[in-house]
Amino acid sequence: MSLQDTIAALSTPPGRGGLSVLRLSGPQARAIAESVLLFSHTVNWKGWSAQLASLPDEQGNTIDHVVVTFFEAPRSYTAEDVVEISCHGAPVIVHYALERLCRMGARLAAPGEFTLRAYINGRLDLPQAEAVRDLIGATTLYQARIAAQQVDGSVSHRLAPLKRQLLELIALLEAGIDFAEDDIDVAPDAEILRRIQPVLAGLEALQASFAYGKLVHCGFTLAIVGRPNVGKSSLFNRLLDQDRAIVTEIPGTTRDLVSEHASLEGIPVRFVDTAGVRQGADLVERLGIERSYQAMADADLTVVVLDASVPLQEQDQLLLDRAANQGRHLLAANKCDLQPVAAILSTAVKVSALTGEGLEGLRRAIVDAIAPAGSMEQEAGFITSVRHEGLLMEAVSGLRHAKEALGHGLPHEMLLLDLYATLTPLDALTGATTADDILNRIFSTFCIGK
């Protein structure tokens, strides 16, 4: 892809709508727009301004009136001249306009090419560019807010001082090696260790933030299990705030998995309602119960629903044991609006699917179980990308090896190898040195027009 090309694409979703926006970026953006559109007066290409024009057909007949907005380099998204054409959202008009723009010299943009140019031209670093994709793909407002913070550079700002301290240490050791014959003092090991410690602590904390960042980015799966008629489906509907699962007094109503997506405190959650687990079920119900067990194994968190109005049953205990063996689980004592039984487990969250009592407490307990006390929620600049986490692991490993080398009294030349092994993945994370195939892999996941 040549940066000398002028690229064009539809930046709004394809299909019929009130408006569609076509975007041009590159050195010929203004000239191509002028060759396709008719302006009623002398064109005033003033940056960050809009003007009216018409889109003619081949015979010069007007087929649409458009608004043309110009963003002059370098104060544009791509740091190039950008022209945006807002037309009516009839697919035939959009297709014709895009065809004319390409015929007059533009090239169709590849996925993510506008953001790639913004990165190459220095408008964004790589974490900010990747956050643009996350912002477009956000499914909750919280996801959007975190992605917007990353677009503003929250991760980059947190990483910059750590990288600067690392470079200062590398420069210090390089100077000591280069000018050893001139009797220039090299920092003692205690000073080098003092400089390594805050960088290592900062990188480890940023890497650890992925535990929460992954939840924000990908969400988690929650399986709701229990005996028949303990109120699983009612609780499922309550958590979703909609009647998604059928609820009756007949045991075994739910015979297959019912799933729905929603969010808890901005974290995407896939809720799974399961068949009631009991002995002596018929063939169809037994198949549903097997799927219930599979859902428990696949889920990130299992909520075992108990009936607070009756003593703990043998099947309840079997489910509790299975959930405990498989991983994270939470106990919910439903029907707490009825006369509760004293023997019910004290660790269970008391809730009533009928009245809604305790529902907010259950939601809070679910979030705390998957991300204890929202530990990373208030921390700015946590990472949400698997790529970033992998590179930070490499950087942390390099610094740990440097500490070990220091402890064994190895020469500073060897210590520098570990410090450079830390710097390399940090450069790849921010995009300071990134192979073309990595860039292609990242930007190919963007939508066309962004």
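General remarks:
- Here the contact order of the chain, divided by its residue count and restricted to Cα pairs under 8 Å and six or more residues apart, works out to 16 percent.
- In straight-distance terms, cross-link reach from Lys46 covers every one of the lysines whose alpha-carbon lies under 29 Å from its own, apart from those fewer than eight places away in the same chain; here that gives Lys450.
- Reachable lysines, given that their alpha-carbon falls under 25 Å from the alpha-carbon of Lys335 and they are not under 8 places away in the same chain: Lys232, Lys350
- Measuring between their Cα centroids, region 83-112 and region 399-425 lie 53 Å from each other.
- Dipole magnitude of the chain about its Cα centre (Cβ charges: Lys, Arg +1; Asp, Glu -1), debye to nearest 20: 1420
- Among Val82, Gly47, Leu239 - extreme Cα towards positive end, dipole of the chain, charges at beta-carbon: Leu239
- Rounded FRET efficiency, nearest 0.05, which uses the C-beta distance separating Glu360 from Leu38 and R0 of 45 Å: 0.15
- Karplus (6.51, -1.76, 1.60) ³J(HN,Hα), θ = phi - 60°, over region 328-337, in Hz, Gly and Pro reported as x: 5, 8, 9, 9, 10, 8, 7, 6, 6, 6
- Amide H contacts of Arg227 (H built 1.01 Å from N, in plane; Pro and chain starts excluded): Val277 sit under 5 Å, all sequence-distant by 5 or more or on other chains.
- Virtual spin-label span in nm between Ser444 and Glu394, 7 Å along Cα→Cβ: 1.9
- Dipole moment magnitude, nearest 20 debye, region 7-123 about Cα centre, only Lys, Arg, Asp, Glu C-beta charged: 260
- Taking a ≥ b ≥ c as the square roots of the eigenvalues of the alpha-carbon gyration tensor, region 73-142 is classed oblate because a/c is 1.5 or more while a/b is no larger than b/c.
- Calculated FRET value between Glu260 and Glu413, using beta carbons and R₀ = 51 Å, to 0.05: 0.30
- Under 5 Å between amide hydrogens, built in the peptide plane, is the criterion, and for Thr12 it picks out Val21 among residues at least 5 positions away or on other chains.
- Against the rule of thumb 2.2 N^0.38 Å, how large the Cα Rg of region 193-232 comes out: 2.21
- Shape call, the chain: gyration tensor on alpha carbons, a/c limit 1.5: oblate
- Extension gain, Arg16 to Arg291: 0.36 nm times the residue separation minus the Cα-Cα distance gives 94.9 nm.
- The 3J(HN,Hα) values that the Karplus relation (6.51, -1.76, 1.60; θ = phi - 60°) gives for region 56-63 are, in residue order, x, 8, 4, 8, x, 7, 5, 10 Hz. Gly and Pro appear as x.
We did not get these values from a lab; they are worked out from the coordinates using the rules stated. Bear in mind the structure is a predicted one, so any value in this text is a computation, not a measurement. Using ideal geometry, Cβ is built from the backbone for each residue, glycine included, and neighbour counts are taken over all protein chains shown.
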